[in-house]
1. In whole Å, what are the Cα extents of the range 100-180 along the three principal axes, biggest one first?
2. Can you sort MET127, MET107, MET112, MET55 by how many other beta carbons sit within 10 Å, fewest first?
3. Provide the gained length on full extension for the span LYS30 to ALA140, in nm with one decimal, where the gain is 0.36 nm per separating residue minus the Cα-Cα distance.
4. Beyond 29 Å, what percent of the Cα pairs of the chain remain?
5. Measure nothing fancy, just the Cα-based angle from helix 56-68's long axis to the longest principal axis of the chain, in degrees from 0 to 90, nearest 10.
6. Taking 7 Å along the Cα-to-C-beta vector as the label spot, tell me the SER101-GLU54 distance in nanometres, rounded to one decimal.
7. Based on the Kirkwood radius over alpha-carbon pairs, what value in µm²/s does the Stokes-Einstein equation return for the translational diffusion coefficient of the range 1-92 at 10 °C and 1.306 mPa s?
8. Loop only per DSSP, at most 14 neighbouring Cβ atoms within 10 Å: give me the trypsin sites (Lys or Arg not before Pro) in the range 72-135, ordered by residue number.
Amino acid sequence: MSTATGETIEALFENQTTTIARDLKLNLTKFLDGSFVTRQESHLALLAAATSLEMPRLAAFATEQLKILGFGAEEIQEARESAAIVGMLNTYYRFRHFVGSPEEYRMAGLRMTSLAKPILGKERFEMLAFTVSVLNGCEACTQAHEKTLKLAGVSSEKIHDLARIAAVAKGLKLLIKDER
């Protein structure tokens, strides 16, 4: 799987020869090649996850793959920025959960009009929100996005794959070296 800039999955794992690295590489390849998620969905989720985890190389890899798959600049930017808006909401809703009295803090008062009409469409944006919420460990958001996806007809298998993409990306955080 090569990109326009020459980055490949092989290059992402340069000098990584352990069985752990091999497992993570095989898992990444498995979910990017599409299982229950499409190649488009898996790369969108990977971009949101990589952005959330502050992994520029992995984000660049996902971005190049999305370009090859025909996504435009605005769609790619929205996938990348979904990590920011969802991260904000994850932080707020975890706060409400932590204090144990969400009724007292009922109104978030946070601007989030971008969620009304996402460029990628509601279902795809929900997939990204679910993926980032899993990464950020926000129980309330993860449950809410899972419910919304199921109501939209998304299969449990696809939702499970999105969670696994988040898990693999988190594991890669310690293996893939970003030049700084």
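1. Taking the Cα atoms of the range 100-180, the three principal extents are 42, 31, 27 Å.
2. Details: MET127 30, MET107 5, MET112 11, MET55 22.
Going from sparsest to densest Cβ surroundings: MET107, MET112, MET55, MET127.
3. Working: separation 110, 0.36 × 110 = 39.60 nm, distance 2.85 nm.
Length difference between fully extended and current span is 36.8 nm.
4. Details: 3256 of 16110 pairs.
Across the chain, Cα pairs with separations above 29 Å total 20 percent.
5. That helix lies at roughly 80 degrees to the long axis.
6. Distance between the two pseudo-spin positions: 3.4 nm.
7. 116
8. Details: sites: ARG80, ARG94, ARG96, ARG106, ARG111, LYS122, ARG124; in loops: ARG106, ARG111.
In loop regions of the range 72-135 (DSSP not H, G, I, E or B), the sparsely surrounded trypsin sites (Lys or Arg not before Pro) are ARG106, ARG111.
Values quoted throughout were computed directly from the atomic coordinates according to the rules given, and no laboratory measurement underlies them. Please read these numbers as outputs of a predicted model, since none were measured by experiment. We place every Cβ from the backbone using ideal geometry, glycine too, and count neighbours over all the protein chains shown.
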